[in-house]
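Laboratory data are not the source of any read-out in this text; all were calculated from the coordinates shown. Keep in mind it's a predicted model, so treat the numbers as computed, not measured. Methodologically, a virtual Cβ is constructed for each residue, glycine included, from the backbone with ideal geometry; neighbour enumeration extends over all protein chains shown.
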Amino acid sequence: MTEGLDGLAREMANRGEPYVLATVVWRRSPSSGQVGSKALITTDGHVRGWVGGACAEPSVVAQARAVLKDGAPQLVFLGSPEEVDMHRRDGVVALPITCQSEGALEIYVEPVFPSPHLVVIGRSPAVDSLARMASALGWRTVVVDDRGSATDHPGVDTVVTSLDLAAAGVGDRSFVVVATQGHYDEDALEHALESSAAYVGLVASDRRAEGVLTFLRDRGVTEDQLARVHAPAGLDLGHIAPQEIAVAVLADLVQRRASGAFAAGPTAPAVATSEVHEALDLVCGMTVAVATARYRAVHHGLTYYFCSAGCQAKFEADPQPYLASSTTT
């Protein structure tokens, strides 16, 4: 990637946002995309970088949205309608581009999903062990300890010293584990339930967990919210040491991710959260993203969208043939 795209990719990874990396791997002149050209495509269809002009870009964006849902990369061939069939094969999506150009492209479209985000609340050997092991797996890990400081957690990269889960970056793809071990379980768990975290776990015995849930129920926390709590957190390994509790919790989270239980992984269709409404260019047949369409025309109260000024001009000069064609196909 270029330096600018590298920086943007890092920013999106830090925010936990998925994206698609599109790379030109073959071209036939006079395509504007060059071999090695790259673009980063966000879930709302915005393109940063360059893989091709107005003929190619809408098709690439559409395929980017598809691979975000499927979780698997694709090789996309873009060429004239006459040559699409000969390029269609296993693992390749072949799409026509109908602009007046003899160029063609092959673009590798690869979804990139953020690493899991784990927030551990508390100060104990189990907390630090869990944070360090998750970090070793490449997870983005934060310890929240409003009764301590960063020096209390050696080897942990990020420590938040207030019970502020927004500052810890908690969102709907985060895993929050409360491991306060009786010090302020109720407050910590209530803050966790106020967040949109995909997982909320409480490290506690059965008896202690029931007491915490009863306290929160009496405080007015709803049953739906309490049902989100996994307690005791982790796989049941019996009576084990604090560091082994961390192993049990992490193993449980890994197992749940692998089974597709969370919306953070490529198995979840909800990854592409921002829907991009599309319209068909009636002149050339290309798909146009409505939100970013520069060329549009209003005819009898309806708005039509076009990939280029040329298509718009042809439609405005004589709309009827294009409207008639659209009603018969």
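What the table below lists for this structure:
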| read-out | value |
| --- | --- |
| Two-site FRET efficiency, Glu82 against Ala167, from Cβ-Cβ distance with R₀ of 51 Å, rounded to 0.05 | 0.35 |
| Most mobile listed residue (Gly91, Gly238, Gly171) in the chain, GNM with C-alpha springs under 10 Å | Gly238 |
| Cα gyration tensor shape of the range 16-63, rounded if a/c is under 1.5, else prolate or oblate by comparing a/b with b/c | prolate |
| Extreme residue, positive dipole direction of the chain, given options Gly4, Val247, Ala209 (C-beta unit charges) | Gly4 |
| Square roots of five times the Cα gyration tensor eigenvalues for the chain, Å | 50, 21, 16 |
| Axial C-alpha extent at least 15 Å, average Kyte-Doolittle at least 0.0 - helices from the chain (DSSP) | 57-70, 125-136, 242-258 |
| Estimated 222 nm signal from helices in the chain, with DSSP H stretches of n ≥ 4 weighted -39500 (n - 2.57), rounded to 500 | -10000 deg cm²/dmol |
| Computed label-point distance, nm, for sites Arg207 and His46 using a 7 Å Cα→Cβ extension | 5.5 nm |
| Candidates Met86, Met12, Met286, ranked by Gaussian network fluctuation over the chain, Cα under 10 Å, top entry | Met86 |
| Stretch gain in nm, segment Asp157-Ser29, where the contour uses 0.36 nm per residue and the Cα spacing is subtracted | 41.2 nm |
| Positive-end residue of Val119, Ser101, Met86, charge dipole of the range 79-129 with Cβ unit charges | Val119 |
| Cα-based Kirkwood hydrodynamic radius, the range 36-132, one decimal, Å | 15.7 Å |
| Cα-based Rg of the range 193-266 normalised by 2.2 N^0.38 Å, two decimals | 1.19 |
| Most mobile listed residue (Val298, Val290, Val120) in the chain, GNM with C-alpha springs under 10 Å | Val298 |
| Dipole in debye (nearest 20) - the range 141-211, about Cα centre, beta carbon charges: Lys, Arg +1; Asp, Glu -1 | 180 debye |
